[in-house]
1. With point charges of +1 on the Cβ of Lys and Arg and -1 on the Cβ of Asp and Glu, referenced to the Cα centre of the chain, which listed residue (V554, S599, V101) lies farthest in the positive direction of the dipole?
2. What are the extents of the Cα atoms of the chain along their three principal axes, listed from largest to smallest and rounded to whole Å?
3. Quick check on the stretch 511-553: take the gyration tensor over C-alpha atoms, sort the square-rooted eigenvalues as a ≥ b ≥ c, and tell me if it's rounded (a/c under 1.5), prolate or oblate.
4. Label the stretch 311-421 by shape, choosing from rounded, prolate and oblate, from the square roots a ≥ b ≥ c of the eigenvalues of the Cα gyration tensor; if a/c is under 1.5 it is rounded, and otherwise prolate applies when a/b is larger than b/c, oblate when it is not.
5. Between I146, A483, F32, whose Cα lies farthest towards the positive end of the dipole of the chain when Lys and Arg beta carbons carry +1 and Asp and Glu beta carbons carry -1, centred on the Cα centre?
6. Just to be sure I understand: of the beta bridges DSSP finds with both ends in the chain, what percent are antiparallel, rounded to 5?
7. About its Cα centre, how strong a charge dipole does the chain have in debye, to the nearest 20, once Lys and Arg get +1 and Asp and Glu get -1 at the Cβ?
8. Say each of D43 and R96 gets a label point 7 Å from the Cα, pointing the same way as Cα to Cβ; how far apart are those two points in nm?
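Read-outs: derived from the displayed coordinates by stated rules, not from any lab. These numbers come from a predicted model, not from an experiment. Ideal geometry is used to build each Cβ from the backbone, glycine not excepted, and the neighbour counts take in all protein chains shown.
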Amino acid sequence: MDIKEQILQLREALSQHNYNYYVLDEPSISDFEFDTKLKQLQDLEAAYPQYYDASSPTLRVGGAVTKNFETIVHAQRMYSLDNSYSKEDLMDWETRLRKMVDGAIAYTCELKYDGASISLTYENGLLVQALTRGDGTQGDNVTANIKTIKSVPLKLRGDYPDKFEIRGEIVLPFEGFNAMNAERIAAGEEPYKNPRNTASGSLKLQDSAEVAKRPLECLLYSIVGENTDLKTQFENLEKARSWGFKVPTIAKLTDSIDGVLEFVNYWDIHRHELPYETDGVVVKVNSLFQQAELGYTAKAPRWAMAYKFKAEQVSTRLEHISYQVGRTGAITPVANLQPVELAGTIVKRASLHNADQIEKLDVRVGDWVYVEKGGEIIPKIMGVDLERRAADTPKTVYLTACPECETPLVRKEGEAHHYCPNDKGCSPQIIGRIQHYISRKALDIEGLGGETVALLVNEGLILDYADLYELTTDQIIHLDRMAEKSADNLVNGVQASKDVPFERVLFGLGIRYVGETVAKKLAKHYKSIEALSKATLEDLETVDEIGIRIAESVVDFFSKEANIQMVSRLILYGLQLQLSEEALSNQTTQLEGLRFVVSGVFETVSRDELKALIDSNGGKVVSSISAKTSYVVAGANMGPSKRTKAESLKVPIISEPEFLEMLS
Ligand code: AMP
Ligand code: ZN
């Protein structure tokens, strides 16, 4: 088989697997097989750039960076929808419809997906453009980001028209949303508030590789334009599905408002079982001919109507406010409620977020509060029923001392949370830090779980993670539920963690804001804990993607004697606190002090590999050209505006071979 054929076959196979996995939800091969094939294709494409294809599945990983999203006028306006809230509203709507069209009216009922609207344009079966709704008249060109979403077909199948637009919603299913938040919490970051905002925020990220990492989905609901011979909305949905789009099968065709209400009532209850968020139902006149007759008002189509589910709200009594201390010392106030049923579960607690939120709602113990369950998993307090408040209810005074160790709390300028500063003596912080240290993405210590950590701390056997390395089987064998075998496992697991590479140890140290990715960046840049511990604020800030917030946190960590001692002990016990020989051997300082802008498509290496080369040879990759840029490495299709800018600032433009020459 010749190379071209091989490339085409791999692309075909990978597209089919993407489709099976992300559109049909029926994976046909293992992740490992998929990754192997993808790697094969990436290698072939890198070696044979003449077969470049803008629809290749390898482009799903992203890489293109957009500084300013181009604004583009929609070929057809993206309207909003009129809302209805009751059976009467729907009946009134039907009466209006009957005055404007002849004949029987049938309706398609669909779920109203709660995310960010998107309009996709396909030409000859290929995705050529993706626009956000914007103000309805014009939106932002987010094509590069949308291409990374696996359920968006880059290439269609079947009998699609030459050119058409299709609209849908980008959503973030709960499962992916929760996983993203778990990662943020592990890095000591504020979790995202809800899936909808996170989905719409994702569309405007500058780095498409970041978008690629987010588990977004695209659900389609309408074909725009007159290029098809379809006659109804329901057929539209089926057609779009046959072309390879993800079109939810939860849709119903009915010929009466009663039929619509059945659908509404069913999903009002069962929506909690869906993998993504929905805030209502969209009812559409099924006949496209009738739709055309009905047309649009200034704001919305006359032929469609949203039916909004009532946000599920109950009122209950606030029994008391408790305060939780996180691993970083952040205090979270929690409302403890008189148990009440809401959206199918019994709710006993709700988050109050922080002092400002309590102040804003003016919630007081004893109040009757309105509790809602939105996209978030933890219910929220929306307000207080002031009529039921007893006259002598005292105003809530926020906690001033840590509930665990009684240290006075501090609150930094501009931060939402109060903190307990007693990081070395406050037990939830001590336990939380060690739990983080042993977690899977950090030191991944086998044979030791979160509860055992708490037990070891409470028994006074360990105070910080360095103490783990002095634990003996004899010490722990006496503990509750600890058999000899598990004691051995624990000690062995701890010993084995000495082989874990530097970047993961660095992540495990639990420096605030130093998540997995930041830890990798810092490890690579500084190469050893020793160098990192001596870095100044200014120095840290020159590292790619390290901002002032992270820099301050790192400097703060190493300014504490206790932390320095703990790290020294880890070095003594033999942990990896510098890059290994192997990692180092791929590194040079040849490009030290040089700043590169990378633009276009490359032949022998991918754009990411090129950036990694610059990085590991001491150079710095920056995203926009300025007078400080040393070189622009230009591949094929470099943007003309970049070229002009480089020329006007007299920044040398070099080709890929010239760059590789610099390194050899
Ligand atoms: P609104 O923004 O509340 O006026 O509602 C209009 C938005 O609902 C549209 O821009 C769509 O993005 C979104 N939407 C979600 N699901 C659907 C659906 N099944 N049909 C039409 N629009 C939908
Ligand atoms: Zn404390």
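1. Looking along the dipole axis, the top candidate is V101.
2. Extents along the principal axes: 85, 78, 53 Å.
3. Rounded shape, in that the Cα axes give a/c under 1.5.
4. The shape class here is prolate.
5. Positive-most Cα among the choices belongs to I146.
6. In the chain, approximately 85 percent of DSSP beta bridges are antiparallel ones.
7. Dipole magnitude for the chain comes out near 1300 debye.
8. For D43 paired with R96, the spin-label model returns 6.2 nm.
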